[in-house]
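Q: Pasting a structure below so you can have a look.
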Amino acid sequence: MFANRWIVAGLAGGMLAPVAWASTFGSLANFDAVNDTGKPAYGFEIEIEDSTFDSSMISSVFGYDRNFGLAGGPGAVVRYGVPSIEDVPGFGVRITYGGVIGSIFTPTGSYNTPGESCWPLAGGWSTSQPCDHYGVSTIGQPAATTYSWLVESAPGSGVLVKESAAIPPIAFTYSPPAAGAPAAVRAVAAPVAPNPEDPEDQALWGEAFWLKTFTTEVEHEIDLGDLLRGDEDQEAAEVEVEWRVFQKAPAGEGGDEQEMEVVLGDAAKALIRRYEFFEYLGPLNPEDGEAICKSDCENDPLGLGGTHPNYVGAYVGAQMAGFNVEAIHAAVPEPQGWAMMLAGLGVIGMCAYRRSASW
């Protein structure tokens, strides 16, 4: 079976090519990825699945276009060096890190990253650790995005195949003020199935996690630097939802998306959302894997009342997403305004990892 995993975290990068048009929104993102596939990975792939997209709509790729001052240039911050960016007609864009079987690989294992911990400037990271940092931002929001580790189909086969590291991107929708109603931003995070390509898994629930969400409304435009741990806007974030189960429903069943809408104040120019993931240690339905959470589990998942065990496991990661709100301008925006036009794939420090029945 496929070893499915999803991990989330953060991008730090500049832009590939400024585009001379204005947008009503911009979302920004970053991610760490933990290789818990059970196999060494010889690369990582980001696929933007949208036939309307090409490389001219990729505004930044981690390890490609931003120099952090390390010897070796932009690629020095990635285990595999500078990635390739390929236009795939009728499909979209494929970004590949590595992809060659050899001495450079990401070992497999677990890694409890606090976010932004999987690259050379994070402090303490080494090539012996089973995680890497990747990221991409786009102009506009693609229809779908997938993340995959590149592993051998069988030991010694010499053939690389994809094993999903499916990240749930945050989809933003902006509702401008109208008829006296205030502006609002709707954010949707959708979990993934154990393996959407395996028919046997279609009737199963995905791996369950505890999810906490935080919201920060700010009165200035944000850039990628505002999505870093320790940023003052992040520190000001308020808990929006605490201890909600986050789990993909079987195929054909709804209600598994986590949807939040924030009504913006008059002075708001941006919204930052942080999604934190923790292991779910509560009971599961043995037949389909659905999380069974009785009232004590829902109301006191940490077991602080002393009447049941702690159902919250280790911190697995966090996804940070930013959304800039701006009116449409007739004039071409100044360079500092390019950040408004970024639409990204989700996260800082992430990593909620997932297993299929065999993983």
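Q: What value does region 31-89 have for Rg/Rh, both radii from Cα atoms and Rh as Kirkwood defines it?
A: When Rh is taken as the Kirkwood radius, the ratio is 1.01.
Q: In sequence order, what are the phi-derived ³J(HN,Hα) couplings for region 209-222 according to the Karplus relation 6.51 cos²θ - 1.76 cosθ + 1.60 with θ = phi - 60°, rounded to whole Hz, with x for glycine and proline?
A: Working through the residues one at a time gives 9, 8, 10, 10, 10, 10, 10, 10, 9, 10, 9, 8, 5, 10 Hz.
Q: Whole-Hz ³J(HN,Hα) for each residue in region 302-314, computed from phi via Karplus 6.51 cos²θ - 1.76 cosθ + 1.60 with θ = phi - 60°, x for glycine and proline: what do you get?
A: 7, x, 5, x, x, 9, 7, x, 6, 9, 9, x, 5
Q: Order by neighbour count: Cys297, Cys118, fewest other Cβ atoms within 10 Å first, most last.
A: Cys297, Cys118
Q: Check Leu204: other-chain or 5+ apart residues with amide H under 5 Å from its amide H, H built from backbone geometry?
A: For Leu204, whose amide H was placed from the backbone, the distant partners under 5 Å are Ala251.
Q: Using the 10 angstrom Cβ neighbour count as an exposure proxy, how do Val151, Val262 rank, fewest first?
A: Fewest-to-most ranking of Val151, Val262: Val262, Val151.
Q: How high is the relative contact order of region 28-93, given as a whole-number percent (alpha carbon pairs under 8 Å, six or more residues apart)?
A: So the answer I get is 37 percent.
Q: Let me ask you something else. Sort the following peptides by mean Cβ neighbour count (other Cβ atoms within 10 Å, averaged over residues), highest first: 69-78, 242-251.
A: Going by the mean number of other Cβ atoms within 10 Å, highest first, we get 242-251, 69-78.
Q: Still on this structure, I have one more. Using the count of nearby Cβ atoms within 10 Å as a rough guide to exposure, how do His220, His133 rank from fewest to most?
A: In increasing order of surrounding Cβ atoms, one gets His220, His133.
Q: Going down the table (Lys39/Lys212; Lys162/Lys248; Lys212/Lys294), which pairs top 24 Å between alpha carbons?
A: Lys39/Lys212, as the Cα separations exceed 24 Å there.
Q: Could I ask something else about it? Highest mean first, what order results for 41-50, 98-107 on Cβ atoms within 10 Å?
A: 41-50, 98-107
Every read-out reported here was derived from the displayed coordinates using simple, explicitly stated rules and does not represent laboratory data. The shown structure was predicted, so the numbers you read here are calculated from the model rather than taken from an experiment. When we count neighbours, we look across all protein chains shown, and the Cβ atoms used for this are built from the backbone with ideal geometry, even at glycine.
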